[in-house]
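See structure below.
Since every read-out is calculated from the coordinates, none of them should be taken as a lab result. Bear in mind the structure is a predicted one, so any value in this text is a computation, not a measurement. Glycine also receives a Cβ, built like all others from the backbone with ideal geometry; neighbour counts cover every protein chain displayed.
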Amino acid sequence: MTDRLYYTDPYLREFDATVQRVEARDGRILVTLDRTAFYPTSGGQPFDTGTLGPFRVVDVVDEEDGSIVHVVEQNREPGTENPEPGTQNLEREPRTPNPEPGGVLHARIDWPRRFDHMQQHTGQHVLSAAFERLFHNRTVSFHLGADVATIDLAREASPDEIAAAEHDANRVVWEDRAVAIRFVSAEEAATLPLRKEPARGGTLRLIDVADFDLSACGGTHVSRTGGIGVIAVSRWDRFKGGQRLEFVCGGRALRAFRVLRDAAASSVRLLSVLPGEVPAAIERLQADAKEQRRLTGAQQIELARYRADELAANSELMGSVHLVVRALDADANALKAMASAIASRPGFVVALFSSSSPTVAAIARSNGLSISSHHVLQALVAKFGGRGGGRPELAQGGGLVGTELDILSAARHELSAYL
């Protein structure tokens, strides 16, 4: 059983501990101490990182027997991190000896990471309590990610409810209320107004946000709500019959604000509008772009018709059928438009390809002919790769890989089998 120092002092950054057990697994060393301030992944909160003597802690695991295992990586000795080229395999790089059971190690917590987790986790308690107190909307789960944290609400909240809960949560933050740690028995806990029924029995660790929230929790928290800084809900979505909210607190909120500030400043500069006019300016740009795409599409179709006349005029006559097999500098839409325009004439078979690679194809034939454009395309896909489909009268594909000469020759061969 490991003595969990973070239970009573989450602000502890350094400590000494005695090594109880050492194991090697998958190139890493697993160290069990008699006591630790490192928090293991649990309750939606990630593990702490830091150092154990000369070793870097890269994971912390809560074992079933009540002990905490520190997964560490060996540090190379100074000067061996970047060996001279050609010397890497001459001898094994020196490494720090593994810790020995009974030895004492001095440990340091990665404080910026720990304090970030404390801000987010305490912020979650306050935000969840706000939803519970204002709207009786309980939190069913919590996850603390690397960039944002999330809570899953039992039911969907309206934008106004979210804004109200966010405002109330920040009121509690700015009142700088005490956040106390209490230990009680399961029997005593049953008499207390806990926000959520505890998942286990025995002695319970409670986090008490003064006159606002009381919850059983083993995580690390700030000592006063002012340490949270600010709580900002960044987005929300429907999730499993309820709602998932993303939020950021403290330093994360400041970083998110900077990103939004810089994006807004760039948008204002590029669009030459005031900050409040950015959304309307983007809507105008979208409308203009849509209109330009419509005009461009109409022009491409018109141009395709003129090019179709030229291609039809230079077709190859095979029996009673006019054959057009060409590679052109055109995209899929233009190829389809030209192939369709040519095939609208009687007695034509058309196979058009892009001159760029991977090759795009459009194959068409006039009404009354027995050639299957789809079968011809599938034969080409089988030979040159890619994919495609369509109907007997018109088929399209893409992703063909081969030389222009090989693809045109193969297309001519497949078509000639029908003529």
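The convex hull around the C-alpha trace of the chain, projected and averaged over every direction, spans 33.4 square nanometres.
Amide H to amide H distances under 5 Å link residue 402 with 359, where only residues 5 or more positions off or on other chains count and H is placed in the peptide plane. Packing order of peptides 48-61, 116-129, 216-229, highest average first: 116-129, 216-229, 48-61 (average count of other Cβ atoms within 10 Å over each peptide's residues).
On the principal axes of its alpha-carbon atoms, segment 115-258 has extents of 44, 32, 26 Å, going from largest to smallest. Listed by chain and number, the lysines whose alpha-carbon sits under 27 Å from that of residue 383, ignoring those within fewer than 8 places in the same chain, are 336. Looking at the chain alone, DSSP beta bridges between its own residues are antiparallel in about 90 percent of cases.
Each principal axis of the Cα cloud of segment 94-186 was taken in turn, and the coordinate range along them, longest first, works out to 61, 33, 29 Å.
With the highest mean first, a sort of the peptides 401-414, 188-201, 323-336 on other beta-carbon atoms found within 10 angstrom per residue produces 323-336, 401-414, 188-201.
Taking the number of Cβ atoms within 10 Å of each Cβ as an exposure proxy, the fewest-first ranking of 365, 155 is 155, 365.
Within segment 261-373, DSSP assigns beta bridges of which about 55% are antiparallel (rounded to the nearest 5). Rg and Dmax of segment 212-291, based on Cα coordinates, read 18.9, 58 Å. Report note on the peptides 289-302, 368-381: ranked by the mean count of other C-beta atoms within 10 Å, highest first, their order is 368-381, 289-302.
Average projection, convex hull of the Cα set of segment 293-412: 6.8 square nanometres. With Cα atoms defining each centre, segment 187-253 and segment 267-329 are spaced 55 Å apart in the structure.
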